[in-house]
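Peer 1: Handing you this structure, nothing more for now.
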Amino acid sequence: MYIFTIDFEDWFERKQNAELKPLPLSRLKFGSDEMLAIVEKAGVKPTFFILGCTAERNPSLIAEIADKYDIGIHGYEHYNCNDISVEVFEKDLRKVKRLLKDITGKDVNKYRSPSFSLANRSFLKVLVDNGIEVDCSLASINHQYGSKVLSSNSPCRILVDGAEIKEFPPTTIGFGNFKFGFLGGGYFRMLPYSITRKLTSQNKEYASAYIHPCDLDKKLPWDYAETIQLEERTFFAKLKAQVGLKTSARKLERWLSDFDFVDVETAVKMIDWENTPLEKM
């Protein structure tokens with residue numbers, strides 16, 4: 001089973017850029033136009049995890065996406081869950097749920113935390129209490145933005161105060177027992193396609209992949225936005241942001257052609273949940 005997802009957000013809407021003033025120039029159109037064209041040509045139906053502030057600025061685009069594709073919640077602000085309280089988390093979740101329902105007419109029941117940072121049991125209780133039935137956030141490794149929560153990166157059920165959440169963890173990548181990241185995003189851009197293909201093939205029973213619109217945008221925002229005050233970036237941060245951008249569209253076309261990807265909604269129906277491991281938190 002191969003699942004393909006898109007974290008749908010503009011480049012500056014991640015937490016490290018969210019408070020920049022004045023509002024940085026949007027590049028969403030440039031990455032999303034090419035992404036949508038590639039996805040449609042390949043006949044793939046991904047799940048779009050939509051950031052609320054992106055939806056608020058682009059309601060007609062979000063409505064078009066929701067008409068064709070499965071959608072989930074990516075928060076309203078791009079908060080790292082380790083940096084906010086349970087109260088802020090719930091306020092953020094409720095805000096984006098209302099917004100997406102107003103735009104799409106759908107009561108969205110899928111969630112992915114920004115940067116796979118969800119690791120707190122109290123936050124999972126908030127998801128349950130607000131109608132989230134499927135989560136795609138919990139990691140099986142310690143990583144830059146969060147902690148290890150699960151014992152493996154296979155689908156499971158999370159028991160929270162008597163209620164269950166269906167969990168689709170991000171697929172870890174690495175060499176042997178050394179795991180350092182997830183299948184998609186910056187690693188998709190940085191790694192040669194032959195390695196991405198091999199890593200995907202190695203997880204044929206279950207692989208969950210993801211990208212962002214900015215992964216297909218060939219022009220770096222801070223290279224042309226001289227009038228926009230951006231935070232200082234290290235050489236490594238700039239390298240990480242730009243590597244692979246020129247070839248990522250071609251790699252995505254091959255990826256979607258080589259594997260039979262489905263969305264999260266389809267994957268939910270493919271799994272025998274009664275015989276899926278149950279983890280208590």
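Rule-based calculations on the coordinates, nothing more; no lab input. Please read all numbers here as calculations on a predicted model, not as lab measurements. No Cβ is skipped: glycine too gets one built from the backbone with ideal geometry, and neighbour counts run over all protein chains shown.
Peer 1: Please name whichever of 203, 139, 245 sits farthest to the positive end of the charge dipole of the range 2-280, dipole taken about the Cα centre and charges placed at Cβ: Lys and Arg +1, Asp and Glu -1.
Peer 2: Ranked along the dipole, the leading option is 245.
Peer 1: Here is a further query. Arrange the following residues from fewest to most other Cβ atoms within 10 Å of their Cβ: 29, 45, 251, 280.
Peer 2: The order, fewest Cβ neighbours first, is 280, 29, 45, 251.
Peer 1: So what's the back-of-envelope 222 nm ellipticity for the chain, counting only DSSP H runs of four-plus at -39500 (n - 2.57) apiece and dividing by all residues, rounded to 500?
Peer 2: Details: 11 runs with 104 residues, N = 281.
Helices in the chain give a 222 nm mean residue ellipticity of -10500 deg cm²/dmol.
Peer 1: Against the 2.2 N^0.38 Å scaling, with N counting residues, where does the range 2-280 land? I'd like the Cα-based Rg ratio to two decimal places.
Peer 2: Rg over 2.2 N^0.38 Å, computed on Cα atoms: 0.95.
Peer 1: Also, I was wondering about something else. How far apart, in nanometres, would the label points at residue 121 and residue 60 be if each is projected 7 angstrom from Cα along the Cα-to-Cβ direction?
Peer 2: For the pair residue 121/residue 60, the computed spacing is 4.9 nm.
Peer 1: For the range 248-264 and the range 174-192, write down the distance between their C-alpha centroids in whole Å.
Peer 2: 16
Peer 1: Test of understanding: express the Cα radius of gyration of the range 34-161 as a ratio to 2.2 N^0.38 Å, with N the residue count.
Peer 2: Values: Rg = 14.9 Å, N = 128, 2.2 N^0.38 = 13.9 Å.
Cα Rg divided by the expected 2.2 N^0.38 Å: 1.07.
Peer 1: What is the range 129-228 by shape, rounded, prolate or oblate, if you read a ≥ b ≥ c off the alpha carbon gyration tensor as root eigenvalues and call it rounded for a/c under 1.5, prolate for a/b larger than b/c, and oblate otherwise?
Peer 2: Numbers: a/c = 2.36, a/b = 1.42, b/c = 1.66.
In terms of gyration-tensor shape, oblate.
Peer 1: Mind checking the range 91-143 for chymotrypsin sites (Phe, Trp or Tyr not before Pro) that DSSP puts in a loop (not H, G, I, E or B) and that have at most 12 other Cβ atoms within 10 Å?
Peer 2: Listed in order of number, the matching sites amount to none.
Peer 1: OK, next. Based on the Kirkwood radius over alpha-carbon pairs, what is the Stokes-Einstein translational diffusion coefficient of the range 87-164 at 25 °C with 0.890 mPa s viscosity, in µm²/s?
Peer 2: Values: Rh = 13.3 Å.
Answer from the Stokes-Einstein relation: 185 µm²/s.
Peer 1: How do 83, 70 line up, fewest other C-beta atoms within 10 Å first?
Peer 2: Details: 83 10, 70 22.
Arranged by neighbour count, lowest to highest, 83, 70 become 83, 70.
Peer 1: How much net charge surrounds residue 192 when only other residues with a Cβ under 11 Å from its Cβ are counted (Lys, Arg +1; Asp, Glu -1)?
Peer 2: Details: positive: 189, 197, 198, 251; negative: none.
Computed value for this residue: +4.
Peer 1: Counting only C-alpha contacts under 8 Å and six or more residues apart, can you give the relative contact order of the chain as a whole percent? Before the final figure, lay out the partial values.
Peer 2: Values: 506 pairs, mean separation 73.1, N = 281.
Over the chain, the number comes to 26 percent.
Peer 1: What ranking of 212, 74, 143 emerges when the number of other C-beta atoms within 10 Å of each C-beta is taken as an exposure proxy, fewest first? Could you put the intermediate results ahead of the total?
Peer 2: Numbers: 212 24, 74 28, 143 18.
Arranged by neighbour count, lowest to highest, 212, 74, 143 become 143, 212, 74.
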